[in-house]
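Structure, as C-alpha coordinates:
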Amino acid sequence: MGPALVTPYTLTIDPGLRDLRAADHLLRTLAAELALPEDAFGCTHLVRDGRPRVVLSLALPAEPLHRTAAERLAGLGHAVSPGVPDRVGRAVLYPGAASLTGTLTVADLLSRSAIGRVAVLGTPKPPGPATPLATRDHVRPQWQDGTLVLTAMPAAGGTLVPFEVPDPTPCCADH
(Lines give C-alpha, C1' and ligand atoms only; values in the text may rest on other atoms or scores of the structure.)
Protein backbone atom coordinates (compact mmCIF):
# COMPACT_ATOMS: atom_id res chain seq x y z
CA MET A 1 0.00 0.00 0.00
CA GLY A 2 2.80 2.45 -0.60
CA PRO A 3 3.38 5.30 1.87
CA ALA A 4 0.65 3.93 4.11
CA LEU A 5 2.70 0.77 4.61
CA VAL A 6 5.54 2.83 6.06
CA THR A 7 3.47 2.82 9.24
CA PRO A 8 3.33 -0.46 11.12
CA TYR A 9 -0.16 0.52 12.23
CA THR A 10 -2.29 -1.32 9.70
CA LEU A 11 -5.22 -3.62 10.19
CA THR A 12 -7.74 -5.55 8.15
CA ILE A 13 -11.45 -5.70 8.88
CA ASP A 14 -13.53 -8.52 7.42
CA PRO A 15 -17.17 -7.48 7.63
CA GLY A 16 -18.27 -10.27 5.27
CA LEU A 17 -19.41 -7.85 2.54
CA ARG A 18 -19.72 -8.79 -1.13
CA ASP A 19 -20.40 -5.33 -2.55
CA LEU A 20 -17.97 -2.43 -3.11
CA ARG A 21 -20.63 0.23 -2.53
CA ALA A 22 -21.49 -1.26 0.87
CA ALA A 23 -17.75 -1.50 1.68
CA ASP A 24 -17.24 2.18 0.75
CA HIS A 25 -20.16 3.16 2.95
CA LEU A 26 -18.88 1.08 5.88
CA LEU A 27 -15.38 2.58 5.57
CA ARG A 28 -16.82 6.10 5.70
CA THR A 29 -19.05 5.19 8.65
CA LEU A 30 -16.15 3.63 10.56
CA ALA A 31 -13.92 6.63 9.81
CA ALA A 32 -16.55 8.94 11.32
CA GLU A 33 -17.19 6.69 14.34
CA LEU A 34 -13.46 6.30 15.02
CA ALA A 35 -12.77 10.00 14.30
CA LEU A 36 -9.93 9.03 11.96
CA PRO A 37 -7.50 11.83 11.05
CA GLU A 38 -7.06 13.16 7.51
CA ASP A 39 -3.80 11.24 7.09
CA ALA A 40 -5.40 7.82 7.60
CA PHE A 41 -5.86 5.51 4.63
CA GLY A 42 -8.87 3.23 4.19
CA CYS A 43 -8.98 0.72 1.34
CA THR A 44 -11.12 -2.05 -0.03
CA HIS A 45 -9.60 -5.35 -1.13
CA LEU A 46 -11.23 -8.12 -3.16
CA VAL A 47 -10.68 -11.55 -1.61
CA ARG A 48 -11.14 -14.45 -4.02
CA ASP A 49 -10.80 -17.51 -1.84
CA GLY A 50 -13.46 -20.09 -1.04
CA ARG A 51 -15.61 -17.23 0.26
CA PRO A 52 -15.32 -14.27 -2.17
CA ARG A 53 -15.83 -10.95 -0.41
CA VAL A 54 -14.61 -7.40 0.09
CA VAL A 55 -12.42 -6.71 3.13
CA LEU A 56 -11.31 -3.33 4.41
CA SER A 57 -7.92 -2.10 5.54
CA LEU A 58 -6.90 0.89 7.60
CA ALA A 59 -3.44 2.39 7.78
CA LEU A 60 -3.23 4.68 10.77
CA PRO A 61 -0.56 7.23 11.70
CA ALA A 62 0.04 6.26 15.33
CA GLU A 63 0.03 3.28 17.68
CA PRO A 64 -2.57 4.61 20.17
CA LEU A 65 -5.07 5.20 17.36
CA HIS A 66 -4.30 1.78 15.89
CA ARG A 67 -4.86 0.05 19.24
CA THR A 68 -8.07 1.99 19.97
CA ALA A 69 -9.44 1.35 16.47
CA ALA A 70 -8.71 -2.39 16.68
CA GLU A 71 -10.38 -2.64 20.09
CA ARG A 72 -13.45 -0.64 19.05
CA LEU A 73 -13.87 -2.53 15.77
CA ALA A 74 -13.60 -5.90 17.54
CA GLY A 75 -16.10 -4.61 20.11
CA LEU A 76 -18.52 -3.88 17.26
CA GLY A 77 -18.24 -7.53 16.21
CA HIS A 78 -15.91 -7.09 13.24
CA ALA A 79 -13.21 -9.66 12.52
CA VAL A 80 -9.97 -7.65 12.84
CA SER A 81 -6.45 -8.82 12.01
CA PRO A 82 -3.09 -7.05 11.82
CA GLY A 83 -1.60 -5.93 8.50
CA VAL A 84 -3.18 -5.58 5.08
CA PRO A 85 -4.47 -8.42 2.88
CA ASP A 86 -2.53 -7.32 -0.22
CA ARG A 87 -0.59 -4.39 -1.67
CA VAL A 88 -3.18 -3.31 -4.26
CA GLY A 89 -5.98 -1.82 -2.19
CA ARG A 90 -8.56 0.49 -3.74
CA ALA A 91 -8.39 3.70 -1.71
CA VAL A 92 -11.61 5.22 -0.39
CA LEU A 93 -10.09 7.24 2.46
CA TYR A 94 -6.81 9.02 1.81
CA PRO A 95 -5.34 12.46 2.39
CA GLY A 96 -7.11 15.00 0.19
CA ALA A 97 -9.95 12.74 -0.93
CA ALA A 98 -12.63 15.14 0.33
CA SER A 99 -11.27 17.96 -1.85
CA LEU A 100 -11.62 16.01 -5.11
CA THR A 101 -15.01 17.27 -6.24
CA GLY A 102 -16.27 18.76 -9.47
CA THR A 103 -13.86 19.26 -12.35
CA LEU A 104 -10.17 19.78 -11.59
CA THR A 105 -7.02 19.77 -13.62
CA VAL A 106 -4.76 16.76 -13.32
CA ALA A 107 -2.20 19.04 -11.61
CA ASP A 108 -4.81 20.12 -9.02
CA LEU A 109 -5.83 16.52 -8.35
CA LEU A 110 -2.21 15.51 -7.76
CA SER A 111 -1.37 18.53 -5.59
CA ARG A 112 -4.50 18.26 -3.42
CA SER A 113 -4.34 14.56 -2.62
CA ALA A 114 -2.18 11.53 -1.90
CA ILE A 115 -2.68 10.38 -5.50
CA GLY A 116 0.74 10.18 -7.14
CA ARG A 117 -0.16 9.51 -10.75
CA VAL A 118 -3.02 9.49 -13.27
CA ALA A 119 -3.04 6.78 -15.94
CA VAL A 120 -5.33 7.00 -18.97
CA LEU A 121 -6.73 3.79 -20.43
CA GLY A 122 -5.33 3.03 -23.88
CA THR A 123 -2.60 5.66 -23.64
CA PRO A 124 1.01 4.98 -22.68
CA LYS A 125 1.68 8.62 -21.74
CA PRO A 126 0.32 10.39 -18.67
CA PRO A 127 -2.12 13.24 -19.27
CA GLY A 128 -0.84 16.79 -19.27
CA PRO A 129 -1.13 18.76 -16.01
CA ALA A 130 -3.75 21.13 -17.47
CA THR A 131 -6.03 18.29 -18.62
CA PRO A 132 -9.46 18.65 -16.98
CA LEU A 133 -10.77 15.70 -14.97
CA ALA A 134 -14.47 15.55 -14.07
CA THR A 135 -14.38 13.66 -10.76
CA ARG A 136 -18.11 12.89 -10.53
CA ASP A 137 -17.29 13.21 -6.81
CA HIS A 138 -16.09 9.58 -6.88
CA VAL A 139 -12.30 9.16 -7.03
CA ARG A 140 -11.02 5.68 -6.18
CA PRO A 141 -7.31 5.30 -6.93
CA GLN A 142 -5.56 2.00 -6.45
CA TRP A 143 -2.13 1.20 -5.03
CA GLN A 144 0.32 0.20 -7.77
CA ASP A 145 3.98 -0.35 -6.91
CA GLY A 146 3.71 1.84 -3.82
CA THR A 147 1.93 4.74 -5.53
CA LEU A 148 -1.75 5.68 -5.51
CA VAL A 149 -2.76 5.67 -9.18
CA LEU A 150 -6.05 6.96 -10.52
CA THR A 151 -7.09 5.21 -13.71
CA ALA A 152 -9.05 7.56 -15.94
CA MET A 153 -10.66 7.38 -19.37
CA PRO A 154 -11.29 9.96 -22.04
CA ALA A 155 -14.65 11.75 -22.05
CA ALA A 156 -16.28 14.41 -24.22
CA GLY A 157 -14.42 17.62 -24.96
CA GLY A 158 -10.93 16.43 -24.05
CA THR A 159 -11.93 15.83 -20.43
CA LEU A 160 -11.02 12.77 -18.41
CA VAL A 161 -13.24 10.91 -15.93
CA PRO A 162 -12.27 8.27 -13.36
CA PHE A 163 -12.62 4.78 -14.80
CA GLU A 164 -14.76 3.66 -11.86
CA VAL A 165 -18.26 5.10 -12.09
CA PRO A 166 -20.09 6.16 -8.91
CA ASP A 167 -23.29 4.21 -9.62
CA PRO A 168 -22.54 1.19 -11.79
CA THR A 169 -25.39 -0.66 -13.41
CA PRO A 170 -25.64 -4.10 -11.83
CA CYS A 171 -24.97 -7.02 -14.13
CA CYS A 172 -28.13 -8.20 -15.86
CA ALA A 173 -30.11 -5.17 -14.60
CA ASP A 174 -32.55 -5.45 -17.51
CA HIS A 175 -33.46 -9.09 -16.87
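The values are calculated or read from the model by the stated rules, or taken from the named source; none is laboratory data. These figures come from a predicted structure and were not determined experimentally. Note that we place each Cβ from the backbone using ideal geometry, even for glycine, and neighbour counts take in every protein chain shown.
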Query - Residue among A130, A79, A107, A156 that is among the hydrophobic types (A, V, I, L, M, F, W, C), touching a residue at least 24 places away in the same chain (Cβ under 8 Å) and outside the structural domain of I13 (by TED's automatic domain parsing) - result: A130
**Report entry** Failed condition for V92, given (1) under 27 Å from R136 (Cα atoms); (2) surrounded by fewer than 19 Cβ atoms within 10 Å (Cβ to Cβ)
**Finding:** (2)
